[in-house]
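Here the structure is laid out as structure tokens; the discussion comes afterwards.
The values are calculated or read from the model by the stated rules, or taken from the named source; none is laboratory data. Because the structure is a prediction, the values reported are computed rather than measured. Cβ: placed from backbone, ideal geometry, glycine included. Neighbour counts: every protein chain shown. These area figures cover heavy atoms from the full protein model, side chains too; ligands, DNA and RNA do not enter into them. Shrake-Rupley method; radii C 1.70, N 1.55, O 1.52, S 1.80 Å.
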Amino acid sequence: MSEWDAASVQDGARSFLEESWDPDLPLAEWRDRLVASGWAVPTWPRDRLGLAVPDSLAGLVAAEFSRVGAVGAATGAGMSLAAPTLLAHASEEVAGRFLRRIVTGADKWCQLFSEPGSGSDLAGLTTRAERDGDEWVVNGQKVWTTGARSAAKAMLLARTDWDAPKHRGITYFVLPMDQPGVDVRPLRQMNGYASFNEVFLTDARIPAGDVVGEIGGGWAVALTTLAHERTLGASRLFPVPPAGSGRTAREAAEEAAQYAQTYVWYPQRAGRPDLVLSHLAESNRAGDAVLRQRAIDVEIRQRVAFWNVARARDTRAAGRQPGPEGSLAKLTGTDLARRASAVHAAVAGPSAVVTGSDSALAGLVAEIVASVPAGSIAGGTDEIQRNILGERALGLPREPSVDSDVPFRDVRRNLPKS
Ligand SMILES: Cc1cc2nc3c(=O)[nH]c(=O)nc-3n(C[C@H](O)[C@H](O)[C@H](O)COP(=O)(O)OP(=O)(O)OC[C@H]3O[C@@H](n4cnc5c(N)ncnc54)[C@H](O)[C@@H]3O)c2cc1C
């Protein structure tokens with residue numbers, strides 16, 4: 001039974017803001033004050049910076065903040081992916097070392113999971129971590145790491161036991177990115193942006209205690225991060241700038257704008273279904289019966305996708321761990337993105353592949369066409385989402401595996417054996 005009800009949450013948030021919100025504070029000072037009060041992350045446990053407010057009442061706190069234009073906790077991959085993982089798996093000591101700087105926005109995070117030889121088959125990763133006195137020494141290569149250039153910390157998966165089966169020899173670390181052993185190289189994408197990177201790890205160092213969960217137990221920890229990533233939807237990764245005009249809001253807007261640079265093309269990656277009807281209506285193809293039908297089909301699916309995302313969000317709000325509805329929401333979203341992109345391209349005709357201000361929607365259609373494929377890959381491909389739904393939601397037999405029970409050292413793979 002919670003100590004909170006709707007009235008006490010609303011009163012608590014309101015009186016904190018009346019006493020403490022000052023729109024002219026430097027952002028860092030305001031966030032320190034906010035974190036100290038517990039109202040930055042009210043739904044987190046009391047021993048983890050929060051107030052143990054039930055998830056179902058979190059909206060009331062957000063409403064109080066927006067009523068007075070107060071700036072909230074930082075957003076981004078640290079809050080959306082690292083924080084829930086640390087809350088679920090890290091010891092009090094480890095969580096205590098990292099959570100505060102995530103909430104204040106002092107540390108940005110990235111996710112060092114995928115490797116050239118292991119994406120869908122993530123448990124086949126070969127980056128190794130070896131204990132050396134008070135530190136772990138990490139060697140290997142990661143790839144497709146979004147936001148690695150601005151991140152201070154990384155969620156890192158590395159193999160610590162080559163004699164255990166592949167899912168059991170992995171450990172989840174917190175890697176400090178700013179060190180000589182971490183070499184980040186941007187990758188240019190086909191839409192022209194370079195939001196993800198290759199990351200080369202050469203004798204990179206991690207303090208011995210910066211392990212999330214058990215040594216060798218990193219797979220279960222990684223599943224938590226991945227489950228949150230699926231239910232997230234790309235939009236939640238980039239912060240919405242606050243509305244106010246004081247110093248705090250101004251600095252928060254600058255922070256948001258800087259962070260959002262990595263994600264500027266993410267709305268296009270979602271196919272811009274919101275623009276399909278207006279694009280058609282304003283074009284010279286508005287009378288085309290087939291195009292009209294395809295456009296309204298996108299509109300209907302957009303509304304269905306909205307309800308799927310809402311369902312996934314409500315699951316979290318009800319305090320349950322994200323489940324298969326995350327895979328469903330992600331699949332629905334990528335299907336919608338592809339359909340919306342196809343309608344945009346059909347309406348635009350040949351200019352769909354031309355960039356520049358005099359092309360379709362001032363180059364936006366070309367960006368949509370080149371960005372949409374990413375959604376079906378990032379955070380687990382469509383095929384992998386279908387496997388998850390088949391196995392975990394529908395109870396179908398597991399996909400046959402030939403390498404899950406043998407020591408990883410003996411697994412055949414396309415990289416040199418260690
Ligand atoms: C925009 C974007 C951002 C990303 N950001 C990050 C990041 O920050 N950090 C990070 O670690 N990674 C990131 N990734 C990487 C992403 O997680 C991987 O690309 C993804 O998991 C797929 O792995 P892969 O590219 O190696 O493809 P592969 O695993 O090689 O897959 C190739 C094809 O085979 C299919 N396939 C593979 N296995 C199966 C199977 N068992 N059943 C059916 N089909 C299968 C796949 O569906 C796919 O079509 C990002 C990717 C994108 C596009």
Does the chain come out rounded, prolate or oblate by the C-alpha gyration tensor, with a ≥ b ≥ c the root eigenvalues, rounded set by a/c under 1.5 and, if not, prolate when a/b is larger than b/c and oblate if not?
-> oblate
Summed residue charge, Cβ within 12 Å of residue 220's Cβ, Lys/Arg positive, Asp/Glu negative | 0
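Report the full-extension gain for the segment residue 97 to residue 8: residue separation times 0.36 nm, less the Cα-Cα distance, to one decimal in nm.
Between residue 97 and residue 8, full extension yields 29.0 nm more.
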Once phi for every residue in the stretch 379-388 is put through the Karplus expression 6.51 cos²θ - 1.76 cosθ + 1.60 (θ = phi - 60°), the whole-Hz ³J(HN,Hα) values, with Gly and Pro written as x, are x, x, 5, 4, 5, 5, 4, 5, 4, 4
Using only C-alpha atoms and all pairs of different ones, pull out the Kirkwood radius for the stretch 345-418 in Å with one decimal.
-> 16.4
Quick shape check on the stretch 235-379: root eigenvalues a ≥ b ≥ c of the Cα gyration tensor, a/c under 1.5 is rounded, otherwise prolate if a/b tops b/c, else oblate, and it reads oblate
Over the residues of the stretch 55-184, compute the C-alpha Rg and express it relative to 2.2 N^0.38 Å.
-> 1.21
Report the full-extension gain for the segment residue 66 to residue 135: residue separation times 0.36 nm, less the Cα-Cα distance, to one decimal in nm.
-> 20.4 nm
Solvent-accessible area per residue, Å², over the chain with all protein chains present [probe radius 1.4 Å] | 48
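Once you keep just the Cα pairs under 8 angstrom separated by 6 or more residues, what percentage relative contact order results for the chain? Provide the component values of the computation, followed by the final result.
On the way: 737 pairs, mean separation 62.4, N = 418.
Value for the chain: 15 percent.
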Can you list residues whose amide H is under 5 Å from residue 143's amide H, if they're 5+ apart or on another chain and H is modeled 1.01 Å from N?
-> 114, 115, 199
Would you mind calculating the relative contact order of the stretch 43-153 from Cα pairs under 8 angstrom and at least 6 residues apart, reporting the percent as a whole number?
-> 21
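Can you give the helix-only mean residue ellipticity at 222 nm for the chain, where every DSSP H stretch with n ≥ 4 adds -39500 (n - 2.57) and the sum goes over all residues, rounded to the nearest 500 deg cm²/dmol? Working shown, then result.
Working: 13 runs with 169 residues, N = 418.
About -13000 deg cm²/dmol.
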Fraction of beta bridges assigned by DSSP in the chain that are antiparallel (%, nearest 5) | 85
Put +1 on the Cβ of every Lys and Arg and -1 on every Asp and Glu Cβ in the chain; which of 411, 291, 357 then has its Cα farthest towards the positive end of the dipole?
-> 291
Working with all protein chains in place, sort 20, 278 by solvent-accessible area computed with a 1.4 Å probe, largest first.
-> 278, 20
Relative contact order [Cα under 8 Å, 6+ residues apart], the stretch 333-418, whole percent = 18
Cβ under 15 Å from residue 67's Cβ, residue 67 left aside: what net charge do those residues give with Lys, Arg +1 and Asp, Glu -1?
-> -2
For the stretch 26-35, what does the Karplus curve 6.51 cos²θ - 1.76 cosθ + 1.60, with θ = phi - 60°, yield as ³J(HN,Hα) per residue in whole Hz, taken in order and with x for Gly and Pro?
-> x, 3, 4, 5, 4, 5, 4, 4, 5, 5
Taking all protein chains as present, what is the carbon and sulfur share of the accessible area of the stretch 135-179, in % to the nearest whole number, probe 1.4 Å?
-> 46
For residue 172, distant residues with modelled amide H under 5 Å away | 212, 216, 217, 218
Using θ = phi - 60° and the Karplus relation 6.51 cos²θ - 1.76 cosθ + 1.60, list the HN-Hα couplings for the stretch 353-360 in order, rounded to whole Hz, with x at every Gly or Pro.
-> 9, 9, 9, x, 5, 9, 9, 4
Report Rg (one decimal) and Dmax (nearest whole number) for the stretch 139-215, counting Cα atoms only, units Å.
-> 13.7, 42
